[in-house]
Amino acid sequence: MIGIFFIGVALMLAGAVASCALRRHAAADRAFIVLVLGGCLTSGAAAVAILVSGARVAVTVPSTVPGGSWVFALDPLAAVFVATICFVGASCVAFGTPYLAHQRAHRPVWYAHTVFAVLIAALTLVVTAQAIVPFLIAWELMAIGSYLLIVFEDEKGDARRAGLIYIIATHTGTLALFAMFAAWGAHASDWSFAVLASATPSLPRGGGVILALAVLGFGFKAGFVPLHFWLPPAHSAAPTHVSALLSGVVIKTGIYGLLRVVSLLGGAPPRWWGWSMLAMGVVSGVLGVLWALAQHDIKRLLAYHSVENIGIIGIGIGIGSLGAAYGHAGIAVLGYAGALLHTVNHALFKSLLFLGAGAVYHATGTRDMEALGGLAKRLPYTWLAFFIGATAIIGVPPLNGFVSEWLVYVGLFRSAQAPEALRLAALGVPALALIGALALACFAKVSGVVFLGHPRTAGAERAHEVPRALLVPMLVLGGACVLLGVAPGLGVLTVVDVAAAVAGVRPNVAVEAIAVVRDSAWVSVVALALLALLAAGWLVRRNLLRRRPVRLVETWACGYPSVSPRMQYTASSFAAPLLSTFGRMSGVVEHRSADAFRTEPVDLVLDRSAIPAWHWVRRTAMRLRPIQQGRLYAYLIYVMVALVVLLAYLGLESRR
Amino acid sequence: MITAAVAASQTGAEAPWSALGSLGLVVLVAPLIPGVATKTRALLTGRRGPPVWQLYADLRKLLRKGAVYSVTTTWAFRLAALAAVATTLLAATIVPLDGRGALVSFTGDAVAFAYLLGLGRFLLVLGALDTGSSFEGMGTSREVSFASLIEPGLFVALVTLGVASQHLSLTGMFGAELWRHWPIVAPSVILVAVSLFVLMLAECARVPVDDPATHLELTMIHEVMVLDHSGPDLAFILYANALKMGVFAALMLDLVVPRVGLADWASAAILVAAMIASGAAVGLVESSMARLRMPKVPLFIAGGTALGLFGLILLLQ
């Protein structure tokens with residue numbers, strides 16, 4: 001089975017080579033798509049087979065570099081991620097190739113394709129590597145591949161700035177990972193994950209240092225607040241299919257890392273860690289969606305929603321580890337399962353939404369929501385796909401977002417009913433409800449301002465539907481969202497088994513989780529009943545209106561005769577009441593004038609904290625400038641002074 | 001691996017006749033609630049007012065009319081009214097309307113209840129934005145703002161009852177299971193009932209959050225969202241709102257009056273009485289206070305949430 005997986009990876013890399021080698025040929029795109037899609041299908045099929053059988057397959061490659069031999073393994077936890085990476089990766093490749101085709105004349109498109117294929121391969125290797133050295137190599141390959149794609153449109157200052165911020169953030173994270181593995185490896189004879197896991201009992205404070213460093217290292221990649229600041233600029237600068245992959249799966253490797261570390265440490269981290277994860281999840285969720293509401297660039301808005309969803313996943317991980325730490329196997333499984341399923345679901349609907357934003361950009365040439373409107377009539381299939389994604393992300397039935405949020409909620413409710421201090425997790429329930437309701441508000445804003453109403457500019461007026469090659473990947477992703485929503489058992493059954501493995505418990509002792517697997521059939525009933533009721537209502541209304549007059553007129557403007565698209569509520573005005581309720585936390589600057597109202601978002605971490613802090617450091621460092629004279633004699637004097645001080649010190653030491 | 005354990009935990013379902021009967025009753029009687037509210041308000045302000053069955057007459061009239069659609073709209077507008085009814089009806093099947101058990105009950109169905117109402121709201125909002133009208137944009141903006149505050153309040157109520165009843169489904173939280181623990185947790189449960197009344201006023205767009213009787217578009221929330229709906233669509237939306245009030249009335253009733261051992265007819269009579277009483281209570285509020293200024297509404301909703309939160313703290317201490 002691992003052989004089949006590696007054949008898939010090899011096919012992806014062959015796609016990368018083909019795109020590079022055939023770059024002057026007309027067939028380059030076709031060869032690239034066929035090879036990478038084939039690779040994704042092959043590796044994905046291997047992962048699905050592992051998920052069905054629940055087995056673990058591994059291969060060990062002897063190595064000459066320090067750190068022992070290289071182990072790659074496909075276990076159920078890795079398989080969940082490999083399957084997601086392959087499905088989303090394939091959709092993004094299928095979308096991205098025709099999307100970039102028209103830029104061939106003035107940009108090295110082949111190079112973006114090559115890097116993209118390598119990036120997908122690196123992603124699958126990150127989640128299958130089971131030793132420190134290959135893991136870090138794949139991790140860096142992924143980081144650099146993402147960087148090269150973020151700065152693909154490097155003639156734009158924004159893209160270069162986003163790339164710089166990204167590369168600083170990702171390497172700060174990697175530094176934390178180096179520290180984490182160093183602290184861990186010091187207690188182990190070999191650097192394979194299996195040996196690291198067996199070193200767990202000898203770790204000081206139950207691996208507390210390692211877990212803290214893991215939050216820093218993997219948290220940067222996942223984008224927990226306040227480590228999220230690289231995400232919005234990077235996602236808005238990268239080409240759309242790259243943003244979809246970044247948001248859909250690249251940031252999820254941070255979640256994978258956290259779950260892998262937790263699993264290697266035995267599934268039950270110390271209580272403080274669980275509470276911290278829960279708190280981080282709540283903060284990321286609420287602030288992520290609040291900041292998203294303030295955005296007017298569709299891709300930046302979607303990027304902040306990734307922060308929000310990472311927050312929901314964080315709540316799941318927090319509940320999972322708290323359940324394990326307090327000895328409730330069922331709650332542990334529910335939390336981890338919710339986190340895992342939300343990871344998969346978010347990968348599906350967020351990449352769908354990003355591709356939708358890309359289709360809008362393709363059709364209108366702008367990402368500014370205030371310049372759009374009325375696209376539902378002009379891009380009907382894009383609107384359908386975007387609508388599915390929006391309904392899925394707000395977590396309502398009958399789509400997949402509901403299923404994973406339901407798992408997390410059940411985990412929170414079960415924690416609230418626990419006898420110990422664990423029940424304080426009850427306060428996570430209203431927080432998650434607030435996140436859900438704000439997400440609803442935000443996607444009402446996006447869908448309404450971009451797709452509904454009247455076009456706000458001539459560009460939006462002239463837009464027309466994107467080619468079929470761009471629609472198919474979106475509708476495939478949308479179909480997956482519907483499938484996992486109306487047949488939730490598929491997802492729930494799989495992730496509960498994997499979550500039990502992460503928590504280190506046998507699935508049959510997790511009573512609360514078993515109830516959820518059983519009742520996922522009811523979720524299915526609710527979803528299908530809803531669709532049936534809607535269909536029935538449609539028929540009833542058609543019958544009612546059959547012999548009645550149905551007129552089409554202009555929208556009722558309360559008697560006002562000369563209506564213009566400018567009178568519509570804008571994205572700024574739509575979000576204003578909510579943002580003003582949250583005051584300064586929402587991070588917007590308002591501009592009011594007699595005929596216009598506009599809000600401008602600022603990132604409270606990047607623009608208001610990180611960059612001012614950096615300027616402060618630089619200013620302080622400038623104070624030391626006078627000692628750097630650049631003259632040789634000055635430095636000789638410094639050396640002399642240092643020597644004298646040292647000698648004096650040594651002399652005093654020996655006297656004592 | 002887990003499939004075997006799941007198969008072992010299957011339980012048989014009970015005969016759902018009483019639940020089905022209560023659902024039918026709520027579906028039929030719900031339009032009376034806004035009528036009772038209006039009548040109470042009229043009587044208390046010294047007017048005669050329209051008859052209590054006015055909404056039935058309105059619905060009958062609207063269902064026989066044709067429809068007027070805006071040329072700007074798409075299928076999103078056509079879906080909104082249907083979704084309002086479908087989601088509310090489906091949410092009602094999850095509530096133990098007969099005081100014992102619901103038609104549909106499963107682990108965490110409380111989440112499904114809240115999120116079905118959320119879906120209805122989302123689609124209604126999209127339908128309103130579909131018209132491109134500035135008035136409806138204003139209404140949706142306010143609706144989603146206040147709904148964002150109602151949702152945490154509703155979930156505080158749910159988690160409080162979840163802790164009180166040690167159950168995760170509305171059947172457990174509001175039905176027979178709650179009454180086994182009731183004497184111990186009564187203070188919290190009563191606080192939650194009051195909190196639910198506040199949330200109902202906000203959720204169903206009544207005074208002091210919104211005024212269904214106003215005809216000044218600038219001050220409306222819910223009403224202004226449905227300006228462009230007409231004929232059967234408007235009927236669906238008016239009906240869905242009444243049904244939502246009926247469901248909330250049943251929820252509040254379940255928290256304060258036990259109906260576990262009663263005969264079906266007595267249980268049904270209490271349910272009808274509760275729906276009428278909730279209408280009267282809404283009317284009482286509407287005639288005793290004015291609509292709040294928009295910036296004050298979040299405080300009102302937060303106050304309702306705080307009641308539920310206080311109940312939760314009583315249980316967690």
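Of these, A:525, A:492, which one is within 18 Å of residue A:408 (Cβ to Cβ) and either in a helix (DSSP H, G or I) or within 11 Å of chain B (Cβ to nearest Cβ) (or both)? Even if it seems obvious, please write down each step before you answer.
Details: A:525 fails: within 18 Å of residue A:408 (Cβ to Cβ).
On inspection, the qualifying residue turns out to be A:492.
Scanning the range B:267-301 for residues that are in a helix (DSSP H, G or I) and within 14 Å of another protein chain (Cβ to nearest Cβ), which turns out nearest to residue B:140 (Cα to Cα)? Step through it out loud before you land on a result.
As a first pass, look at the range B:267-301 and keep what is in a helix (DSSP H, G or I): B:267-288, B:294-301.
When the remaining residues are screened for being within 14 Å of another protein chain (Cβ to nearest Cβ), the result is B:294-301.
Values: B:294: 14, B:295: 16, B:296: 18, B:297: 15, B:298: 16, B:299: 19, B:300: 19, B:301: 18 Å.
Going through the qualifying residues, I end up with B:294.
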key: Sole residue being touching a Pro at 6+ places or on another chain (Cβ under 7 Å), closer than 30 Å to residue B:266 by Cα and modelled with pLDDT of 95 or more, chosen from B:112, B:86, B:92   = B:112
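Can we say residue B:47 is among the basic types (Lys, Arg) and at pLDDT below 95?
Criteria met by residue B:47.
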key: Some residue of the range A:478-492 being in contact with a helix residue (DSSP H, G or I) (Cβ under 9 Å, 6 or more places away or on another chain) and at positive phi   = no
inquiry  = Please pick out the residue among B:304, B:246 that is within 14 Å of chain A (Cβ to nearest Cβ), under 30 Å from residue B:93 (Cβ atoms) and buried (at least 18 other Cβ atoms within 10 Å of the Cβ).
reply    = B:304
ask   = How many residues does the range A:487-496 contain that are crowded, with 21+ Cβ neighbours inside 10 Å and more than 13 Å from residue A:87 (Cβ to Cβ)?
value = 5
query = Any idea which residue in the range A:526-572 is nearest to residue A:595 (Cα to Cα), counting only those that are without any contact (Cβ under 8 Å) to a residue 24 or more places away in the chain and of a type in the set (Lys, Arg)?
reply = A:551
query = Would a scan of the range A:259-278 turn up a residue that is of a type in the set (Ser, Thr, Tyr), surrounded by 24 or more Cβ atoms within 10 Å (Cβ to Cβ) and outside any loop (DSSP other than H, G, I, E, B)?
reply = no
task = Being more than 10 Å from chain B (Cβ to nearest Cβ) and in contact with a strand residue (DSSP E or B) (Cβ under 8 Å, 6 or more places away or on another chain) is the filter; apply it to the range A:552-591 and report the residue that is nearest to residue B:78 (Cα to Cα).
result = A:572
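Could you list all residues from the range B:50-64 that are away from every other protein chain (no Cβ under 14 Å) and in contact (Cβ under 8 Å) with a residue 12 or more places away in the chain?
From the range B:50-64, those away from every other protein chain (no Cβ under 14 Å) are B:50-58; that's our starting set.
Result: B:50, B:51, B:52, B:53, B:54, B:55, B:56, B:58.
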The one condition in (1) more than 9 Å from every other protein chain (Cβ to nearest Cβ); (2) part of a helix (DSSP H, G or I); (3) surrounded by 17 or more Cβ atoms within 10 Å (Cβ to Cβ) that residue A:534 fails to fulfil = (1)
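For the structure I just gave you, tell me whether residue A:216 is modelled with pLDDT of 95 or more, among the aliphatic types (A, V, I, L, M) and closer than 21 Å to residue A:325 by Cβ.
Working: modelled with pLDDT of 95 or more: yes; among the aliphatic types (A, V, I, L, M): yes; closer than 21 Å to residue A:325 by Cβ: yes.
Yes, satisfied.
Of the residues that make up the range A:284-295, is at least one of a type outside the set (Lys, Arg), assigned to a helix (DSSP H, G or I) and surrounded by fewer than 24 Cβ atoms within 10 Å (Cβ to Cβ)?
Restricting attention to the range A:284-295, the residues satisfying the condition of being of a type outside the set (Lys, Arg) are A:284-295.
Next, only the ones that are assigned to a helix (DSSP H, G or I) stay: A:284-293.
So of that shortlist, the ones also surrounded by fewer than 24 Cβ atoms within 10 Å (Cβ to Cβ) come out as A:286.
The answer is yes; a qualifying residue exists.
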inquiry  = Just to be sure I understand the filter: pairs with C-beta atoms under 8 Å, separated by 6 or more residues or on different chains, first member in the range B:284-295 and touching a residue at least 12 places away in the same chain (Cβ under 8 Å), second member assigned to a helix (DSSP H, G or I) and among the charged types (D, E, K, R). Which pairs pass?
reply    = B:286/B:41; B:287/B:41; B:294/B:142
query = Any residue in the range A:420-439 that is in contact with a Lys or Arg (Cβ under 9 Å, 6 or more places away or on another chain), more than 9 Å from chain B (Cβ to nearest Cβ) and over 19 Å from residue A:325 (Cβ atoms)?
reply = no
task = Within the range B:164-184, track down each residue that is closer than 14 Å to residue B:257 by Cα, assigned to a helix (DSSP H, G or I) and touching a residue at least 60 places away in the same chain (Cβ under 8 Å).
result = B:173, B:174, B:176, B:178, B:179, B:182
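Conditions tested, residue by residue: (1) outside any helix (DSSP H, G or I); (2) of a type in the set (Val, Ile, Thr); (3) out of contact with any Ser or Thr (no Cβ under 7 Å at 6 or more places or on another chain); (4) under 30 Å from residue A:301 (Cβ atoms).
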site	(1), (2), (3), (4)
A:600	yes, no, yes, yes
A:609	no, no, yes, yes
A:614	no, no, yes, yes
A:630	yes, no, yes, no
A:633	no, no, yes, no
request  = Could you list, in sequence order, all residues of the range A:440-464 that are part of a helix (DSSP H, G or I) and at the interface with chain B (Cβ under 7 Å from one of its Cβ atoms)?
outcome  = A:440, A:441, A:444, A:447, A:448
remark   = Of the listed residues (B:162, B:153, B:172), the one being within 14 Å of chain A (Cβ to nearest Cβ), touching a Gly at 6+ places or on another chain (Cβ under 9 Å) and within 30 Å of residue B:127 (Cα to Cα) is B:153
key: Evaluation of residue A:117 against (1) touching a residue at least 40 places away in the same chain (Cβ under 8 Å); (2) out of contact with any Ser or Thr (no Cβ under 9 Å at 6 or more places or on another chain) (one fails), failing number   = (2)
query = Does the range A:393-400 contain at least one residue that is touching a Cys at 6+ places or on another chain (Cβ under 6 Å) and either in a helix (DSSP H, G or I) or more than 8 Å from chain B (Cβ to nearest Cβ) (or both)?
reply = yes
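Answer yes or no as to whether residue A:99 is farther than 20 Å from residue A:20 by Cβ and either charged (D, E, K, R) or surrounded by 20 or more Cβ atoms within 10 Å (Cβ to Cβ) (or both). Outline the logic, then answer.
On the way: farther than 20 Å from residue A:20 by Cβ: no; either charged (D, E, K, R) or surrounded by 20 or more Cβ atoms within 10 Å (Cβ to Cβ) (or both): yes.
For residue A:99, the condition - farther than 20 Å from residue A:20 by Cβ and either charged (D, E, K, R) or surrounded by 20 or more Cβ atoms within 10 Å (Cβ to Cβ) (or both) - is not met.
For the range A:505-518, check the following and say yes or no: at least one residue is more than 10 Å from chain B (Cβ to nearest Cβ), surrounded by 15 or more Cβ atoms within 10 Å (Cβ to Cβ) and closer than 29 Å to residue A:264 by Cα. Break it down stepwise before answering.
Step one: filter the range A:505-518 for residues more than 10 Å from chain B (Cβ to nearest Cβ), giving A:505.
Applying the additional criterion that residues be surrounded by 15 or more Cβ atoms within 10 Å (Cβ to Cβ) yields A:505.
Then keep just the ones that are closer than 29 Å to residue A:264 by Cα; that gives A:505.
Looking for residues that are more than 10 Å from chain B (Cβ to nearest Cβ), surrounded by 15 or more Cβ atoms within 10 Å (Cβ to Cβ) and closer than 29 Å to residue A:264 by Cα, one finds at least one in the range A:505-518, hence yes.
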note = Across the range B:102-142, the tally of residues that are more than 7 Å from chain A (Cβ to nearest Cβ), in a loop (DSSP other than H, G, I, E, B) and closer than 23 Å to residue A:435 by Cβ stands at 0
task = Tell me which of these residue A:410 doesn't satisfy, since it passes every other one: (1) assigned to a helix (DSSP H, G or I); (2) without any contact (Cβ under 8 Å) to a residue 12 or more places away in the chain.
result = (2)
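For the range A:143-157, does any single residue satisfy the condition of being farther than 23 Å from residue A:484 by Cβ, β-branched (Val, Ile, Thr) and not in a loop (DSSP other than H, G, I, E, B)?
First pass over the range A:143-157, keeping only residues farther than 23 Å from residue A:484 by Cβ: A:143-157.
The next check asks that each one be β-branched (Val, Ile, Thr); those that pass are A:144, A:150-151.
Then keep just the ones that are not in a loop (DSSP other than H, G, I, E, B); that gives A:144, A:150.
Taking every residue of the range A:143-157 in turn, at least one turns out to be farther than 23 Å from residue A:484 by Cβ, β-branched (Val, Ile, Thr) and not in a loop (DSSP other than H, G, I, E, B).
Taking the range A:537-551 on its own, how many of its residues are at the interface with chain B (Cβ under 7 Å from one of its Cβ atoms) and touching a Leu at 6+ places or on another chain (Cβ under 9 Å)?
Within the range A:537-551, the first condition is being at the interface with chain B (Cβ under 7 Å from one of its Cβ atoms), and the residues that meet it are A:537-538, A:541, A:544-545, A:548-551.
Then keep just the ones that are touching a Leu at 6+ places or on another chain (Cβ under 9 Å); that gives A:537-538, A:541, A:544.
Total meeting the criteria: 4.
The values are calculated or read from the model by the stated rules, or taken from the named source; none is laboratory data. No experiment lies behind these values; they were computed from the predicted model shown. For neighbour counting, all protein chains shown are included, and Cβ atoms are generated from backbone atoms with ideal geometry for every residue, glycine included.
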